[in-house]
Amino acid sequence: MLAAVALTSVPAAAHAGQYTVWSCRGPEGQPISTEAWRTQVNDAQAGDIEISDGCATGGSLGIEVTSAGISANRKPRGEAVFRLPRGAVISGFQLWRYEFAAANFPGASFDYTAALHEVSGGTSVDWGCASGLALPYFNCTYEGTPSVPLDPSNRVTQFFSPLEGLSVWAGCVSVGCEPPFSPPAAVFRLFRSAVSIEDDQAPEVVKLEGSLAESAPIADAAGHLFVTADDTGGGVAAFEFSVDGGAPQRVAVSGSQGSCEEPFSQADPCPREATRGLVVDTASLAPGAHSVSGTVVDAAGNATPFGPVTFTVASPVVPPVVPPAPPAQPEAPRGNGGNGGGNGNGGGRQPDNGTPAVETPRLQLQPTKGKGGPGGSGRLRGTLTTSAGAPIAGAELAVEVTEVGGEARGKKRFVQTDANGHFAFKVGGSGARNVVVSYAPVRGGAPAKSAQALVTTKLALTLTPHPKRLRAGQTVRFLGHLRGAGKAARGAVVAIQAIAGGGWTTIDTATADAHGNFSWAHRFRYVERDALFSFRAVVPRTPGWPWPTVRSHRVQLPIEGTGQ
């Protein structure tokens, strides 16, 4: 019998897919505000409910029902509701609290309650302390130690999982509650909360802008790339940029009053949309092709790659060499035997590269994908014409090819146009290659016109489990390989997906190295019956990444359950 069971992977370093919101006190016990909670009072009159919040100064968030008694036809209730982002769920929580409900005494007719309220799968459950005990959810009239906020007796953990709602409250649950024998009537006091929010939705890269994202060669001393991203969960937390595959530069995003810095105190701590930029000192880069790639990271550690964004650093303009003027000659006698005053070109050379040779031609490129399997060589075709569209025949064009992600500048070679102004050449090697074609009006002179194109090869993605069959409690390690991306593979983010809920779901990510290799480990901790899991790897198309989405074949992994 094969059955689907929950996945519990080996913890990732970034804890992708989850973040924790702290309130009242942080992980080190430091005071934190209660911005993540919204307080409210229902069905009450003045004096029924008192709510106090001293968390920011080391106190507590308190909800207290007064001891004066409640008149008939009302059920007053004070509540603090956790501000869960729309569409998110709570994967776990810990609360440090004290709760009290006045116990019944002979002849009394009241029903006070202090409780936690959880919503899971559309079902609501309250549990805590009550005047009238009702097992199993109300088995006390008080619990915790009010004088020692972080006493172990004050700590409670999640009852159901996952949760779509969480709140704490105190109130009267009967129509009319008499005063208690001794005050207060009911109290809920929150000393600290740590609520973990599940967020598997990676941020979306909305647009790439700036001089580095344009096709024109960069002639300035600096180039700019601006990335805009959007995230519907905890918000955009940071951008990471890498130039030519170098060490990433992290640019953090700041929220309101530092809310985007851990420990988080808001349920949606970081901005939903953010734009950050990178300034590249292009003066320090060699002329030729370069690239910028990176990732956008949200509050939960989910990452979305962008790039590589290819750009070209223009060659420095070399001023023409003007030969020195010849020594002055005696003026020739005037008359018919004179030869005039020279050719009038000041010693410069007229355009001689191609027929017709012009100063400002039109240069167009058309790349084609590599043939055959992953990494097959591609080709580049082009046309050189006059501004009026007439073909330029026999022109010599300089070609520079640089691999995206590579460090060295490409070697220069030359290609010649045919009678129709057409030219074509093979672009060897796997990966993505930036090709710059240049035309100089004078052979051997400075270029007057350049065009740039990106030539890519086909990709393939493989995923192999080791071992290929496991028992519950064992760990599988998947080894994968991204073929055909060349050096551009370094830093590529690979989504690891499994079938859950009837469809493919991303459960984690891995990063490819310069050779396209990546790995991911997973431990199957709780498998009661035999199960068959399905996995695959996906490298999605992202802005700036020159390939379409590529997927591995489906890998099925049988697991022997503990019931065998």
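The values are calculated or read from the model by the stated rules, or taken from the named source; none is laboratory data. What you see is a predicted model; the values in this text were computed from it and never measured. For neighbour counting, all protein chains shown are included, and Cβ atoms are generated from backbone atoms with ideal geometry for every residue, glycine included.
The requirement of being part of a loop (DSSP other than H, G, I, E, B), at pLDDT 85 or above and surrounded by 15 or more Cβ atoms within 10 Å (Cβ to Cβ) is fulfilled somewhere in region 484-491, by at least one residue. Scanning region 522-539 for residues that are surrounded by 15 or more Cβ atoms within 10 Å (Cβ to Cβ) and either without any contact (Cβ under 8 Å) to a residue 60 or more places away in the chain or closer than 15 Å to Arg477 by Cβ (or both) yields His522, Arg523, Phe524, Phe533, Phe535, Ala537.
Within region 223-250, being farther than 20 Å from Asp200 by Cα, part of a strand (DSSP E or B) and of a type in the set (Gly, Ala, Ser) holds for Gly223, Ser242.
When restricted to residues that are assigned to a loop (DSSP other than H, G, I, E, B), touching a strand residue (DSSP E or B) at 6+ places or on another chain (Cβ under 8 Å) and crowded, with 21+ Cβ neighbours inside 10 Å, region 251-301 contains 9. In region 1-74, counting only strands (runs of 3 or more DSSP E) that sit wholly within it, none holds 2 or more residues that are crowded, with 19+ Cβ neighbours inside 10 Å, modelled with pLDDT under 90 and in the same structural domain as Ala194 (by TED's automatic domain parsing). Considering only region 399-412, I want to know if a residue exists there that is crowded, with 22+ Cβ neighbours inside 10 Å, within 30 Å of Thr355 (Cα to Cα), under 36 Å from the mean Cα position of the chain (by Cα) and polar (S, T, N, Q). Yes, region 399-412 contains at least one residue that is crowded, with 22+ Cβ neighbours inside 10 Å, within 30 Å of Thr355 (Cα to Cα), under 36 Å from the mean Cα position of the chain (by Cα) and polar (S, T, N, Q). Closer than 30 Å to Phe241 by Cβ, assigned to a loop (DSSP other than H, G, I, E, B), of a type in the set (Gly, Ala, Ser) and in contact with a strand residue (DSSP E or B) (Cβ under 8 Å, 6 or more places away or on another chain), is that true of Gly473? Against the criterion (closer than 30 Å to Phe241 by Cβ, assigned to a loop (DSSP other than H, G, I, E, B), of a type in the set (Gly, Ala, Ser) and in contact with a strand residue (DSSP E or B) (Cβ under 8 Å, 6 or more places away or on another chain)), Gly473 does not qualify.
Just so you know, in region 104-142 the residues that are among the aliphatic types (A, V, I, L, M) and in contact (Cβ under 8 Å) with a residue 60 or more places away in the chain include one that is farthest from Glu178 (Cα to Cα), and it is Ala115.
For region 90-111, a residue qualifies if it is in a strand (DSSP E or B) and modelled with pLDDT under 90, and the qualifying residues are Ser91, Gly92.
Residue selection: Ala492 fails the criterion of being more than 16 Å from Ala303 (Cα to Cα) and in the same structural domain as Arg471 (by TED's automatic domain parsing).
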